[in-house]
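The values are calculated or read from the model by the stated rules, or taken from the named source; none is laboratory data. Fair warning: this is a prediction, and the values are worked out from it, not measured in the lab. All Cβ positions, even for glycine, are placed from backbone atoms using ideal geometry, and neighbour counts span all protein chains on display.
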Amino acid sequence: MPDHLAPQEVLSRGLDDLRRVTGLPLVMGGLVRSREHFTISELRGALTTSLHQLRVRQGEGLGGKTLATRRPAAVSAYPRSAAITHRYDRWVAPERLQSVVSIPVGAEGRQPSAIVYLCDRRSERLGLAVVDAARPVLAGLAADLGAATAVEERVRAISLRAAPATDDPHDLARELRQVADLTTDPSTRARLEAVLARLPGQGARRPAGPHPLGRREVEVLRLAEEGATNVEIADALGLVESTVKSYMKSAMAKLGAENRVKAARAARTQGLLD
(Lines give C-alpha, C1' and ligand atoms only; values in the text may rest on other atoms or scores of the structure.)
Protein backbone atom coordinates (compact mmCIF):
# COMPACT_ATOMS: atom_id res chain seq x y z
CA MET A 1 0.00 0.00 0.00
CA PRO A 2 1.29 3.51 -0.80
CA ASP A 3 2.22 5.74 2.12
CA HIS A 4 0.62 8.80 0.54
CA LEU A 5 -2.80 10.18 -0.32
CA ALA A 6 -3.62 11.00 -3.92
CA PRO A 7 -6.10 13.88 -4.52
CA GLN A 8 -9.00 11.44 -4.92
CA GLU A 9 -8.16 9.84 -1.56
CA VAL A 10 -7.88 13.28 0.07
CA LEU A 11 -11.35 14.13 -1.22
CA SER A 12 -12.71 10.80 -0.02
CA ARG A 13 -11.41 11.35 3.52
CA GLY A 14 -12.65 14.94 3.49
CA LEU A 15 -16.18 13.83 2.65
CA ASP A 16 -16.07 11.31 5.50
CA ASP A 17 -15.15 14.16 7.85
CA LEU A 18 -17.81 16.48 6.42
CA ARG A 19 -20.58 13.97 6.92
CA ARG A 20 -19.41 13.26 10.45
CA VAL A 21 -19.22 16.90 11.57
CA THR A 22 -22.40 18.10 9.83
CA GLY A 23 -24.62 15.09 10.53
CA LEU A 24 -26.20 15.46 7.08
CA PRO A 25 -27.70 12.43 5.35
CA LEU A 26 -25.73 12.96 2.13
CA VAL A 27 -22.48 14.67 1.15
CA MET A 28 -20.82 14.25 -2.22
CA GLY A 29 -18.29 15.84 -4.53
CA GLY A 30 -15.76 15.56 -7.28
CA LEU A 31 -12.34 16.84 -8.31
CA VAL A 32 -12.23 19.70 -10.81
CA ARG A 33 -9.84 18.93 -13.66
CA SER A 34 -11.39 21.24 -16.26
CA ARG A 35 -13.02 24.66 -16.48
CA GLU A 36 -15.89 23.10 -18.40
CA HIS A 37 -17.06 20.22 -16.22
CA PHE A 38 -16.40 17.93 -13.26
CA THR A 39 -17.58 14.46 -12.24
CA ILE A 40 -19.30 13.54 -8.98
CA SER A 41 -17.02 10.68 -7.94
CA GLU A 42 -17.56 10.33 -4.19
CA LEU A 43 -20.86 10.06 -2.29
CA ARG A 44 -21.54 9.41 1.40
CA GLY A 45 -25.09 8.45 2.39
CA ALA A 46 -26.56 7.96 -1.10
CA LEU A 47 -29.76 5.93 -1.47
CA THR A 48 -28.95 4.94 -5.05
CA THR A 49 -26.09 5.05 -7.56
CA SER A 50 -27.88 7.56 -9.81
CA LEU A 51 -25.48 10.43 -9.10
CA HIS A 52 -22.26 8.41 -9.08
CA GLN A 53 -19.95 9.40 -11.95
CA LEU A 54 -22.41 12.07 -13.13
CA ARG A 55 -20.59 14.65 -15.26
CA VAL A 56 -21.72 18.17 -14.36
CA ARG A 57 -21.21 20.86 -16.97
CA GLN A 58 -20.37 24.48 -16.19
CA GLY A 59 -23.53 26.52 -15.57
CA GLU A 60 -25.82 23.48 -15.36
CA GLY A 61 -27.51 22.53 -12.09
CA LEU A 62 -26.33 23.69 -8.69
CA GLY A 63 -22.76 22.39 -8.92
CA GLY A 64 -22.40 23.69 -12.45
CA LYS A 65 -23.46 27.11 -11.21
CA THR A 66 -20.72 26.97 -8.58
CA LEU A 67 -18.17 25.90 -11.19
CA ALA A 68 -19.13 28.89 -13.34
CA THR A 69 -19.23 31.52 -10.57
CA ARG A 70 -16.59 29.99 -8.25
CA ARG A 71 -18.94 30.81 -5.38
CA PRO A 72 -21.16 28.70 -3.11
CA ALA A 73 -24.76 28.21 -4.24
CA ALA A 74 -27.79 26.96 -2.32
CA VAL A 75 -31.40 25.92 -2.82
CA SER A 76 -33.98 24.91 -0.21
CA ALA A 77 -36.49 23.27 -2.58
CA TYR A 78 -34.38 21.69 -5.29
CA PRO A 79 -37.16 20.27 -7.52
CA ARG A 80 -38.95 23.64 -7.73
CA SER A 81 -36.05 26.07 -7.61
CA ALA A 82 -35.96 28.73 -10.32
CA ALA A 83 -32.37 29.68 -9.41
CA ILE A 84 -30.78 26.78 -11.31
CA THR A 85 -31.21 24.79 -14.49
CA HIS A 86 -32.78 21.36 -14.08
CA ARG A 87 -30.68 19.44 -16.58
CA TYR A 88 -29.88 16.72 -14.02
CA ASP A 89 -33.32 16.28 -12.40
CA ARG A 90 -33.67 12.67 -13.59
CA TRP A 91 -30.46 11.77 -11.71
CA VAL A 92 -31.24 13.87 -8.62
CA ALA A 93 -34.83 12.67 -8.19
CA PRO A 94 -34.02 9.16 -6.84
CA GLU A 95 -32.10 10.77 -3.96
CA ARG A 96 -35.14 12.88 -2.95
CA LEU A 97 -32.97 15.93 -2.28
CA GLN A 98 -34.49 19.20 -1.13
CA SER A 99 -31.94 21.48 0.56
CA VAL A 100 -28.53 21.49 -1.11
CA VAL A 101 -25.44 23.68 -0.87
CA SER A 102 -22.61 23.39 -3.41
CA ILE A 103 -19.23 24.73 -2.32
CA PRO A 104 -16.01 25.34 -4.28
CA VAL A 105 -12.94 23.95 -2.51
CA GLY A 106 -9.90 26.17 -2.92
CA ALA A 107 -8.84 29.81 -2.86
CA GLU A 108 -11.75 32.23 -3.13
CA GLY A 109 -12.36 33.47 -6.65
CA ARG A 110 -9.93 31.01 -8.27
CA GLN A 111 -10.48 27.76 -10.13
CA PRO A 112 -11.54 25.26 -7.42
CA SER A 113 -9.73 21.98 -6.92
CA ALA A 114 -13.03 20.28 -6.08
CA ILE A 115 -16.71 20.96 -5.61
CA VAL A 116 -18.60 19.41 -2.72
CA TYR A 117 -22.32 19.24 -1.94
CA LEU A 118 -23.97 19.30 1.47
CA CYS A 119 -27.42 17.75 1.10
CA ASP A 120 -30.59 17.27 3.12
CA ARG A 121 -33.82 15.51 2.20
CA ARG A 122 -35.84 18.04 4.21
CA SER A 123 -36.95 21.33 2.66
CA GLU A 124 -35.61 23.55 5.45
CA ARG A 125 -32.66 25.70 4.37
CA LEU A 126 -29.38 24.42 5.77
CA GLY A 127 -28.56 26.55 8.81
CA LEU A 128 -25.47 28.45 9.87
CA ALA A 129 -24.61 25.74 12.40
CA VAL A 130 -24.10 23.24 9.58
CA VAL A 131 -21.99 25.65 7.57
CA ASP A 132 -19.91 26.59 10.63
CA ALA A 133 -19.30 22.91 11.40
CA ALA A 134 -18.16 22.31 7.83
CA ARG A 135 -15.87 25.36 7.55
CA PRO A 136 -12.70 23.98 9.27
CA VAL A 137 -12.98 20.69 7.39
CA LEU A 138 -13.35 22.54 4.08
CA ALA A 139 -10.33 24.72 4.87
CA GLY A 140 -8.21 21.65 5.64
CA LEU A 141 -9.51 19.89 2.54
CA ALA A 142 -8.56 22.87 0.35
CA ALA A 143 -5.00 22.93 1.72
CA ASP A 144 -4.51 19.18 1.45
CA LEU A 145 -5.95 18.97 -2.07
CA GLY A 146 -3.72 21.80 -3.23
CA ALA A 147 -0.64 20.12 -1.80
CA ALA A 148 -1.59 16.62 -2.97
CA THR A 149 -2.24 17.88 -6.50
CA ALA A 150 1.09 19.70 -6.60
CA VAL A 151 2.90 16.60 -5.35
CA GLU A 152 1.10 14.38 -7.84
CA GLU A 153 2.03 16.61 -10.77
CA ARG A 154 5.65 16.95 -9.73
CA VAL A 155 6.11 13.28 -8.89
CA ARG A 156 4.62 12.32 -12.26
CA ALA A 157 7.09 14.61 -13.99
CA ILE A 158 9.99 13.10 -12.07
CA SER A 159 8.83 9.50 -12.46
CA LEU A 160 8.29 9.83 -16.20
CA ARG A 161 11.45 11.90 -16.63
CA ALA A 162 9.25 14.58 -18.07
CA ALA A 163 11.01 17.41 -16.29
CA PRO A 164 13.37 19.50 -18.47
CA ALA A 165 16.94 18.19 -18.59
CA THR A 166 18.17 21.48 -17.15
CA ASP A 167 16.33 20.84 -13.86
CA ASP A 168 18.86 20.63 -11.06
CA PRO A 169 18.11 17.96 -8.40
CA HIS A 170 18.62 20.55 -5.66
CA ASP A 171 16.03 22.81 -7.32
CA LEU A 172 13.58 19.90 -7.45
CA ALA A 173 14.25 19.11 -3.79
CA ARG A 174 13.71 22.75 -2.82
CA GLU A 175 10.40 22.85 -4.71
CA LEU A 176 9.18 19.65 -3.05
CA ARG A 177 10.12 21.01 0.38
CA GLN A 178 8.07 24.12 -0.37
CA VAL A 179 5.10 21.91 -1.17
CA ALA A 180 5.66 20.06 2.11
CA ASP A 181 5.31 23.33 3.98
CA LEU A 182 1.84 23.79 2.44
CA THR A 183 0.35 20.42 3.33
CA THR A 184 -1.52 19.70 6.55
CA ASP A 185 -1.64 15.98 5.79
CA PRO A 186 1.05 13.81 7.42
CA SER A 187 0.65 11.08 4.78
CA THR A 188 1.30 13.52 1.95
CA ARG A 189 4.37 14.78 3.80
CA ALA A 190 5.59 11.18 4.12
CA ARG A 191 5.31 10.76 0.37
CA LEU A 192 7.40 13.89 -0.15
CA GLU A 193 10.13 12.46 2.06
CA ALA A 194 10.13 9.26 -0.03
CA VAL A 195 10.44 11.23 -3.27
CA LEU A 196 13.19 13.44 -1.86
CA ALA A 197 15.17 10.34 -0.92
CA ARG A 198 15.11 9.26 -4.58
CA LEU A 199 16.66 12.49 -5.86
CA PRO A 200 20.42 12.50 -6.53
CA GLY A 201 22.41 13.82 -3.61
CA GLN A 202 19.47 13.88 -1.21
CA GLY A 203 19.89 10.48 0.42
CA ALA A 204 17.31 9.74 3.09
CA ARG A 205 17.25 13.22 4.55
CA ARG A 206 14.05 14.75 5.74
CA PRO A 207 12.82 18.00 4.20
CA ALA A 208 14.95 20.87 5.45
CA GLY A 209 13.66 22.87 8.39
CA PRO A 210 14.37 23.87 11.96
CA HIS A 211 13.33 20.41 13.16
CA PRO A 212 11.60 17.31 11.75
CA LEU A 213 8.14 18.09 13.12
CA GLY A 214 5.53 20.12 11.26
CA ARG A 215 3.70 23.00 12.90
CA ARG A 216 0.52 21.00 13.50
CA GLU A 217 2.47 18.06 14.90
CA VAL A 218 4.11 20.39 17.42
CA GLU A 219 0.73 21.85 18.42
CA VAL A 220 -0.78 18.39 18.86
CA LEU A 221 2.17 17.20 20.99
CA ARG A 222 2.07 20.30 23.19
CA LEU A 223 -1.58 19.72 24.01
CA ALA A 224 -1.03 15.98 24.49
CA GLU A 225 1.80 16.81 26.90
CA GLU A 226 -0.73 18.77 28.94
CA GLY A 227 -2.97 15.70 29.12
CA ALA A 228 -5.54 16.67 26.48
CA THR A 229 -7.44 13.87 24.72
CA ASN A 230 -7.66 13.63 20.93
CA VAL A 231 -11.18 15.07 21.05
CA GLU A 232 -10.02 18.01 23.19
CA ILE A 233 -7.04 18.62 20.89
CA ALA A 234 -9.34 18.58 17.85
CA ASP A 235 -11.65 21.14 19.47
CA ALA A 236 -8.74 23.38 20.45
CA LEU A 237 -7.16 23.37 16.98
CA GLY A 238 -10.33 23.40 14.89
CA LEU A 239 -9.65 19.94 13.46
CA VAL A 240 -11.49 16.63 13.40
CA GLU A 241 -10.36 13.76 15.60
CA SER A 242 -9.12 11.60 12.70
CA THR A 243 -6.78 14.39 11.59
CA VAL A 244 -5.38 14.73 15.11
CA LYS A 245 -4.70 10.99 15.16
CA SER A 246 -2.86 11.30 11.83
CA TYR A 247 -0.64 14.08 13.17
CA MET A 248 0.07 12.11 16.34
CA LYS A 249 0.91 8.94 14.40
CA SER A 250 3.25 10.89 12.12
CA ALA A 251 4.99 12.59 15.07
CA MET A 252 5.43 9.27 16.89
CA ALA A 253 7.01 7.74 13.78
CA LYS A 254 9.41 10.65 13.33
CA LEU A 255 10.44 10.53 16.98
CA GLY A 256 10.64 6.73 17.17
CA ALA A 257 8.16 6.73 20.05
CA GLU A 258 5.82 3.88 20.97
CA ASN A 259 3.03 6.05 22.31
CA ARG A 260 1.90 9.67 22.66
CA VAL A 261 3.42 10.10 26.13
CA LYS A 262 6.87 9.02 24.95
CA ALA A 263 6.50 11.14 21.81
CA ALA A 264 5.75 14.27 23.81
CA ARG A 265 8.62 13.51 26.21
CA ALA A 266 11.07 12.94 23.34
CA ALA A 267 10.01 16.12 21.60
CA ARG A 268 10.40 18.11 24.81
CA THR A 269 13.85 16.59 25.47
CA GLN A 270 15.00 17.52 21.97
CA GLY A 271 13.74 21.06 22.36
CA LEU A 272 11.11 20.66 19.66
CA LEU A 273 8.25 22.00 21.76
CA ASP A 274 9.97 25.18 22.94
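Of all residues in the range 248-270, which are of a type outside the set (A, V, I, L, M) and either more than 14 Å from Gly214 (Cα to Cα) or touching a Leu at 6+ places or on another chain (Cβ under 8 Å) (or both)?
First, pick out the residues of the range 248-270 that are of a type outside the set (A, V, I, L, M): 249-250, 254, 256, 258-260, 262, 265, 268-270.
Within the range 248-270, Lys254, Gly256, Glu258, Asn259, Arg260, Lys262, Arg265, Arg268, Thr269, Gln270 qualify.
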Limited to the range 56-74, what total is found for residues that are out of contact with any Pro (no Cβ under 8 Å at 6 or more places or on another chain) and within 22 Å of Leu128 (Cα to Cα)?
6
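Restricting to the range 6-56, and then to whatever is of a type in the set (D, E, K, R) and over 30 Å from Asp235 (Cα atoms), can you tell me which residue is nearest to the chain's Cα centre (by Cα)?
Let us first name the residues in the range 6-56 that are of a type in the set (D, E, K, R), namely 9, 13, 16-17, 19-20, 33, 35-36, 42, 44, 55.
Right, trim to over 30 Å from Asp235 (Cα atoms) and you get 33, 35-36, 55.
Numbers: Arg33: 16, Arg35: 20, Glu36: 22, Arg55: 21 Å.
Going through the qualifying residues, I end up with Arg33.
Return yes or no: is Glu124 modelled with pLDDT under 90 and outside any loop (DSSP other than H, G, I, E, B)?
Numbers: modelled with pLDDT under 90: yes; outside any loop (DSSP other than H, G, I, E, B): no.
For Glu124, the condition - modelled with pLDDT under 90 and outside any loop (DSSP other than H, G, I, E, B) - is not met.
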Can you spot a residue in the range 234-257 that is hydrophobic (A, V, I, L, M, F, W, C), under 25 Å from the mean Cα position of the chain (by Cα) and not in a helix (DSSP H, G or I)?
yes
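In contact with a helix residue (DSSP H, G or I) (Cβ under 6 Å, 6 or more places away or on another chain), assigned to a helix (DSSP H, G or I) and at pLDDT below 90: does that describe Leu176? Spell out the reasoning first.
On the way: in contact with a helix residue (DSSP H, G or I) (Cβ under 6 Å, 6 or more places away or on another chain): yes; assigned to a helix (DSSP H, G or I): yes; at pLDDT below 90: yes.
Yes: the conditions hold for Leu176.
Any residue at all in the range 109-118 that's in a loop (DSSP other than H, G, I, E, B) and closer than 16 Å to Leu51 by Cβ? If you could, list the steps in order and put the result at the bottom.
We begin by selecting, within the range 109-118, every residue in a loop (DSSP other than H, G, I, E, B); these are 109-113.
Next, only the ones that are closer than 16 Å to Leu51 by Cβ stay: none.
Within the range 109-118 (the criterion being in a loop (DSSP other than H, G, I, E, B) and closer than 16 Å to Leu51 by Cβ), the answer is no, since none of the residues qualifies.
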For residues that are outside any helix (DSSP H, G or I) and touching a Leu at 6+ places or on another chain (Cβ under 7 Å), scanning just the range 75-95, find the one that is farthest from Val131 (Cα to Cα).
Tyr88
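Looking only at strands (runs of 3 or more DSSP E) that fall completely inside the range 21-74, which ones have 3 or more residues that are in contact with a Phe, Trp or Tyr (Cβ under 7 Å, 6 or more places away or on another chain)? Step through it out loud before you land on a result.
On the way: elements: 26-31, 37-40, 42-44, 54-57.
Once the strands (runs of 3 or more DSSP E) in the range 21-74 are filtered for at least 3 residues that are in contact with a Phe, Trp or Tyr (Cβ under 7 Å, 6 or more places away or on another chain), what remains is 26-31.
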Quick check on this structure: which one of Glu42, Glu60, Glu36 is over 24 Å from Leu126 (Cβ atoms) and of a type in the set (D, E, K, R)?
Glu36
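Val27 - would you say it is touching a residue at least 12 places away in the same chain (Cβ under 8 Å) and farther than 25 Å from Arg90 by Cα? Full working, then the answer.
On the way: touching a residue at least 12 places away in the same chain (Cβ under 8 Å): yes; farther than 25 Å from Arg90 by Cα: no.
Against the criterion (touching a residue at least 12 places away in the same chain (Cβ under 8 Å) and farther than 25 Å from Arg90 by Cα), Val27 does not qualify.
Residue under question is Ala82, and the condition is that it be free of Cβ contacts under 8 Å to residues at least 12 places away in the same chain, over 13 Å from Ile103 (Cα atoms), assigned by TED's automatic domain parsing to the domain that holds Tyr117 and among the small types (Gly, Ala, Ser); does it hold?
yes
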Members of the range 207-264 found to be surrounded by fewer than 17 Cβ atoms within 10 Å (Cβ to Cβ), closer than 24 Å to Asp16 by Cα and in contact (Cβ under 8 Å) with a residue 60 or more places away in the chain, listed by number
Gly238, Ser242, Lys249
